[in-house]
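Rule-based calculations on the coordinates, nothing more; no lab input. Keep in mind that what you see is a predicted model, and the values were worked out from it rather than measured.
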Amino acid sequence: MARFDLDTNSNAPISGESRAEVFCEMGLMYATGRGCDIDLVSAHKWLNIAAIRGCERAALLRTELASSMSKMELASALRAAREWMTRH
């Protein structure tokens, strides 16, 4: 199954609110293992980015996900989101 990863395709022709929704969907993809292995750190990273970009749904999902993560996982996810935001 093909996967859309904005790390490798940051020039995607989407912007604004629609881009935040794509980030949210990527977070859900990693959280549920839809087309990939479950990766809570990546899920939180993408949900965090989506929330920062204005997606309220992502903010709620991010909070819910964080409650099931260890402090180390959460720190790693926050660091990854911060690094991605710095690069993009």
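The slack in the chain from residue 87 to residue 37, taken as 0.36 nm per residue of separation less the alpha-carbon distance, amounts to 15.5 nm.
Rounded to the nearest Hz, the phi-derived 3J(HN,Hα) couplings of segment 31-44 under the Karplus curve 6.51 cos²θ - 1.76 cosθ + 1.60 (θ = phi - 60°) are 5, 9, x, 7, x, 7, 6, 5, 9, 5, 5, 5, 4, 5, where x marks glycine and proline.
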